[in-house]
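The values are calculated or read from the model by the stated rules, or taken from the named source; none is laboratory data. Source: prediction; values computed, not measured. We place every Cβ from the backbone using ideal geometry, glycine too, and count neighbours over all the protein chains shown. When the accessible area is computed, the model is the full protein with side chains, heavy atoms only, and any ligands, DNA or RNA have been set aside. Shrake-Rupley method; radii C 1.70, N 1.55, O 1.52, S 1.80 Å.
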Amino acid sequence: MDTPQHRIRRASRLLRVVSLAAALLLPLLVAYLWAHVEHWADWGVTWSDAFRIAGVAAADLSMSQRLLGYLTDLPALAAGSYVFFTLAGICRRYGNGELFSTAVARAYRRFALGMLAWAGLKVLSQTLLVLALTLDHPPGQRLLSIGIGSDSLAMVLVGLAVHLLGQVMEEGRRLQEDNALIL
C-alpha cells in the first residue's frame with residue numbers, strides 16, 4: 001500500500017543517495033574543472049567574475065594558478081559537502097520513520113548553519129580568487145575584490161528559513177510531548 005509514510009521513506013532514500021553523491025563528487029568535480037580550464041568555453045562553463053576583474057583569461061592559467069584557484073574554493077566546497085552530508089543524515093532519519101525527533105530538528109539547524117557558512121565562504125573564496133589571480137602582477141596592481149552575489153544571498157535566506165523550521169519542529173515536538181502528559 002502506498003501510504004504517506006511509505007512515500008516519505010522512498011523519497012528520503014532517493015534524496016539521501018543524491019545528497020551523498022553530491023557531497024562526495026562536489027570537490028572532485030571542481031578539481032576536475034580547475035585542471036581543465038582550457039575547456040570551460042567548450043563545455044559552456046561560466047566561472048566567476050574574478051577572471052574579468054583580474055583581467056585574466058581562464059585558459060591562460062598556469063598549473064600553479066589552477067591549483068591556487070582550487071585551493072581558494074576548498075573552504076566553500078567543504079561547507080557545501082557538509083550541507084549535503086547533513087541533508088543525507090536528515091533523509092536517513094526520515095527513512096527510519098523518525099520525522100519529528102529532537103535529532104531531526106537539530107539536524108535542520110546544522111543544515112541551516114552549513115548553508116550560512118557556505119554562503120559566507122563562497123564570498124571569501126571569490127575574494128581570495130581575485131587576489132590569487134593577481135599575485136603575479138607587480139606591486140600596486142594586485143587586486144582585492146569583495147562581492148556578494150544573488151546566489152549567496154539566496155543561500156542565506158534559505159539557511160535562515162531552514163533554521164527557523166528546525167526551531168519550529170523542536171517546539172512542535174515539545175508541545176506534543178506536553179500534550180501527551182495531559183489526560
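Things worth noting here:
- Residue among Leu87, Leu29 that alone is out of contact with any His (no Cβ under 8 Å at 6 or more places or on another chain) and either of a type in the set (S, T, N, Q) or in contact (Cβ under 8 Å) with a residue 60 or more places away in the chain (or both): Leu87
- Tally of residues being touching a Ser or Thr at 6+ places or on another chain (Cβ under 8 Å), among the small types (Gly, Ala, Ser) and under 30 Å from His36 (Cβ atoms) across region 66-118: 3
- Whichever residue in region 148-183 is among the charged types (D, E, K, R) and exposed (fewer than 14 other Cβ atoms within 10 Å of the Cβ) and, among such residues, is farthest from Ala76 (Cα to Cα): Asp178
- Criterion (of a type in the set (Asp, Glu) and open to solvent by 40 Å² or more (accessible area, probe 1.4 Å)) met by exactly one of Asp2, Asp73: Asp2
- Just so you know, in region 76-91 the residues that are among the aromatic types (Phe, Trp, Tyr) and either open to solvent by 60 Å² or more (accessible area, probe 1.4 Å) or over 16 Å from the mean Cα position of the chain (by Cα) (or both) include one that is nearest to Leu113 (Cα to Cα), and it is Tyr82.
- Filtered residues of region 9-59 (kept if surrounded by 12 or more Cβ atoms within 10 Å (Cβ to Cβ) and either of a type in the set (Asp, Glu) or touching a strand residue (DSSP E or B) at 6+ places or on another chain (Cβ under 6 Å) (or both)): Glu38, Asp49
- The residues of region 60-70 that are more than 25 Å from the chain's Cα centre (by Cα) and open to solvent by less than 60 Å² (accessible area, probe 1.4 Å), listed by number, are Leu61, Ser62.
- Looking only at residues of region 101-139 that are among the polar types (S, T, N, Q) and in a loop (DSSP other than H, G, I, E, B), we find that the one that is farthest from Ser64 (Cα to Cα) is Ser101.
- Contact map, region 131-158: first residue farther than 18 Å from Val56 by Cβ, second residue small (Gly, Ala, Ser) and surrounded by 13 or more Cβ atoms within 10 Å (Cβ to Cβ), Cβ cut-off under 6 Å, separation 6 or more or different chains; pairs are Ser152/Ala119; Met155/Ala119; Val156/Ala119.
- Any hit, region 5-16, residues being outside any helix (DSSP H, G or I) and among the β-branched types (Val, Ile, Thr): no
- Every test in (1) aromatic (Phe, Trp, Tyr); (2) surrounded by 14 or more Cβ atoms within 10 Å (Cβ to Cβ); (3) touching a Gly at 6+ places or on another chain (Cβ under 7 Å) is passed by Tyr94 save one, and that test is (3).
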